[in-house]
Amino acid sequence: MSTGLAAVTRGFRGFARYLGGVLGADAYTKYLEHHQASGHNTPPLSEREFWRDRTDRQDSNPQGRCC
Amino acid sequence: MAGTPDHRRSATRGEGAVATDTSLPPSAIDETVREAEEKKWTPGKVALWAAIALLGGVAWFMLAIIRGETVNAIWFVFASVCTYLIGYRFYSKVIERYITRPDDRRATPAEYKADGKDYVRTDRNVLFGHHFAAIAGAGPLVGPVLAAQMGYLPGTIWIIIGVVLAGAVQDYLVMFFSMRRGGRSLGQMAREELGVIGGTAALVATLLIMVIIVAILALVVVNALAESPWGVFSVGMTIPIALFMGVYLRFLRPGKVMEVSLIGFVLLMAAIIGGGMVAQTQWGVDIFTLDRVTIAWGLIVYGFIAAILPVWLLLAPRDYLSTFMKIGVIVMLALAIIVVRPEITVPAFSEFASRENGPVFPGALFPFLFVTIACGALSGFHALISSGTTPKLVEKERQTRFIGYGGMLMESFVAIMALLAAISIDRGLYFAMNSPAALTGGTVETAATWVNSLGLSGVNLSPNLLSETAANVGEESIVSRTGGAPTLAVGLAHIMQQFIGGTAMMAFWYHFAIMFEALFILTAVDAGTRVARFMLQDSIGNFVPKFKEASWRPGAWLCTAVMVGAWGAVLLMGVTDPLGGINTLFPLFGIANQLLAAIALAVCLAIVAKQGTFKYLWIVALPLAFAAVVTITASYQKIFSPTPAVGYFANNAAFSKALADGKTEFGTAKSVAAMEAVVRNTAIQGWLSVIFVVLSIIVIATALLATVNAFRSRAHGTAVKDNEDPARPSRVFAPAGLIPTPAERELMAEWDKVPAELRFERAGHH
């Protein structure tokens, strides 16, 4: 019973993570990973700064959405 | 769109010349191992594919040959899914093997241009969802509904076969070629491959096509919301909800995208339920019952404001909502169809399949069915998404087949489900909803009389059914609710109420469907206006450099106003058209969309020819020829047909003559003003058709010229310059498809053993 419940929880978590990925919710985590991996000397943007920068860049670089 | 062209040439270019790091495991599966794995047909594998082929064959047999009194919806699901699987497994493999020839040893732009922002390696399954959400919108939900006029079979065949041989091929090729060029846009690729004339024609055509597409999508929303206080309230509420989400993400809890999407979703449901309550009050009806012209103006004003507001405030949060809804709705609809399995009573070919005076859209099956269903079978607009955005996120070259080809198959399946929803409702109801008010007369009695007078087999519509259905879905009337969205909503409500909630829930499901369609369309209108505005700014910037500065407000506002003015004018034309806007304008939408597809395929043709792949050029030439023949024939008929219902100029002449003769009403136009409107509208529509087709012919001609030149150069042994970015070695590995193969699993295990700091270290990065 509890293993079944655990499997359901795991499945739900996986789905939520997937949906988050599709929406782009993990963008900051990925940015941090990139920042760390590429060995920049400057500190990374804070979460707030990152999201501001992200949407502000879209102002001058719109992404198409289809019909 | 961005993507810095990189013209540097490298001596180490070409296949097999990429030096990979020997301290790391290989970044690609060994070619011979992969070949062997693919060619090895175990008994299990043979049995599986035989079963898929058999099931698909039986399903097609049930749909196309047996065509009993009724046919179960599940056969559509089997026929489509089995055909997609076979197309994906076999046809896209042929394209991969002979045309794209991906090389996983080469780094993708997401790897060699990695910046943690625009260029980010993304898990293939996540990117599949992301790409799908970007390409699929209201288009595949609307076209198939209108095409149901001809019966279920023509639309079904075109959606399924069209996607396998044309639509998915275009998406895959454009995505792959853009990826090899650092994520360049279709416009940039057209300029590079076709030269100045072809490139400029492609740019102008794209701009005009975007105007038409945005205008007609907006028309669908207007038609769905007109005289519907419930719809106006709940769709209107999406604006404050999105604004709240925008502020929440910017100032309260930045980055909590999932959280805010869930909050937004709950508020959205509350808005739908609240809309039902508001629509029952007198004040609610007084405030929110708006006519079509008022809604159109509202949409135009909204479109302008939305396009100049910062992205974070409205566009980004609504995009989250829209994506969230898209995935939810599609999963739900698929489940409902599989569980409910409605019986379809619509004939395979209707009476209108062999005529050209159908009330929903005029014209003969060929070519007009093929332009009415654009999205879902072959959609040129996808080329704008498949180039630019997605290629910057692809992790490995081989994954483009899964994401590009597979993503489009998924959209095709959405189109099949929309078709099913439309044909699961009563046929008389369908024609009463989708024919212009000029024909139905607008009341339940006149509509029922008119539909019954059409002489359709098995159709006996009672006024009662019309008023009862309207009451069930919480609308004043459903007569002449053209545009496809209301019909889809009724169909969906009809299926969903059998799944969850019964008749009592029908009104909720109807408005739920209207809500998500409006949400998709508003997002597309916003994004389309912005993209078009930037294209215009860029083009004017060639003459007045100041316009190239995106941050220069007067320029941005002026260009936004021009674009909104352009689509707004077409929208108003459609809304006030006495002939019923969808009826006259929707063919233009399909033609525009597929001319864009022809342009994209023409660019691909030139690229494939320059690669020297002449033997398999037919893979691109086939869909290109089909799209060119369909759209040019359709345009030709729209321009030159002597039948007023089909030809814009014939109609124009008929109405001009009537005016000259001093008539005060003619055909469906009941006043001189209406007659003058028809004369004006048909002239504009006619000339738009002329401009589209001329531009497209220029693009196709330059592409053919580039192809012939490439062939000649090859024959002379001169090298043809290609515009790919130089190959760089990849330092990562990821499987190509949904399920990793045994060899891929083995290699992944090897990579898992590599210490993390070695795996992510990137040479030469600043």
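Between B:Lys670 and B:Asp115, what length in nm is gained on full extension when 0.36 nm per residue of separation is reduced by their alpha carbon distance? Can you show the working numbers first?
On the way: separation 555, 0.36 × 555 = 199.80 nm, distance 6.15 nm.
The span from B:Lys670 to B:Asp115 would gain 193.6 nm if fully extended.
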For region B:237-307, the Cα-Cα pair-distance distribution in 5 Å bins from 0, as whole percents, is 4, 14, 17, 17, 20, 16, 9, 4, 0
Distance between the C-alpha centers of region B:532-583 and region B:465-494? Whole Å please. 34 Å
Give the Rg/Rh ratio for the protein assembly as shown, taking Rg as the radius of gyration of the Cα atoms and Rh as the Kirkwood radius, to two decimals. 0.96
Contour minus end-to-end for B:Ile263 and B:Thr503, with contour as 0.36 nm per residue of separation and end-to-end as the Cα-Cα distance? 83.6 nm
Rg to Rh quotient for region B:450-521, alpha carbon positions, Kirkwood Rh: 1.01
Quick check: the angle from helix B:581-611's long axis to the longest principal axis of chain B, C-alpha only, nearest 10 degrees? 10 degrees
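If we count other beta carbons within 10 Å of each Cβ, what is the order of B:Lys396, B:Lys45, B:Lys93, fewest first? It would help to have the intermediate numbers written out before the result.
Numbers: B:Lys396 25, B:Lys45 10, B:Lys93 14.
With the sparsest Cβ surroundings first, the list reads B:Lys45, B:Lys93, B:Lys396.
What is the calculated FRET efficiency for B:Ala715 to B:Lys615, with r their C-beta to C-beta distance and R₀ = 22 Å, to the nearest 0.05?
Numbers: r = 14 Å, r/R0 = 0.64.
Result of the calculation: an efficiency of 0.95.
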Angle, helix B:406-423 long axis vs. longest principal axis of chain B, Cα atoms, 0 to 90°, nearest 10? 20 degrees
On full extension of the chain, what length is gained from B:Arg745 through B:Thr22, given 0.36 nm per residue of separation minus the C-alpha to C-alpha distance? 258.3 nm
Can you list residues from other chains, or at least 5 along the same chain, whose modelled amide H is less than 5 Å from the amide H of B:Val394? B:Ala110
For B:Ile500, B:Ile327, what's the fewest-to-most ordering of other Cβ within 10 Å of each Cβ? B:Ile500, B:Ile327
Listed residues A:His40, B:Gly555, B:Ala470: farthest to the positive end of the dipole of the protein assembly as shown (Cβ charges): A:His40
Label-to-label distance, nm, for residues given as B:Val690 and B:Val196 (7 Å Cα→Cβ offset): 2.7 nm
For chain B, longest principal axis from Cα atoms; helix B:315-340 axis from its Cα atoms; angle between them, nearest 10 degrees, is 80 degrees
Likely footprinting exposure, A:Arg54, B:Arg34, fewest C-beta neighbours within 10 Å first: B:Arg34, A:Arg54
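As a check on your grasp of the helix formula, calculate [θ] at 222 nm for chain B: sum -39500 (n - 2.57) over DSSP H runs of n ≥ 4, divide by the residue count, round to the nearest 500. Don't skip to the end; give the middle numbers.
Values: 31 runs with 492 residues, N = 766.
When only DSSP H runs of four or more count, the value is -21500 deg cm²/dmol.
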Would you please give the residues with an amide H less than 5 Å from that of B:Ile344, counting only those at least 5 places away or on a separate chain, with H modeled from the backbone geometry? B:Val71, B:Asn72, B:Ala73
Residue-wise HN-Hα coupling along region A:51-56, computed from phi with Karplus coefficients 6.51, -1.76, 1.60 (Hz; x: Gly, Pro): 5, 4, 4, 4, 6, 5
Quick one: what are the phi-derived ³J(HN,Hα) couplings along region B:515-526, Karplus 6.51/-1.76/1.60 with θ = phi - 60°, whole Hz, x for glycine and proline? 4, 6, 5, 4, 5, 4, 5, 4, 4, 5, 4, 4
What distance in nm separates the simple spin-label points at B:Ala701 and B:Leu243, each placed 7 Å from Cα in the Cβ direction? 5.1 nm
Please compare each pair in B:Lys546/B:Lys610; A:Lys30/B:Lys45; B:Lys256/B:Lys753; B:Lys396/B:Lys610 to a cut-off of 26 Å on the Cα-Cα distance and tell me which ones are over it. B:Lys546/B:Lys610; A:Lys30/B:Lys45; B:Lys256/B:Lys753
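FYI, it's all coordinate maths here, none of it is from the lab. Everything quoted here is computed from the prediction, not taken from an experiment. Using ideal geometry, Cβ is built from the backbone for each residue, glycine included, and neighbour counts are taken over all protein chains shown.
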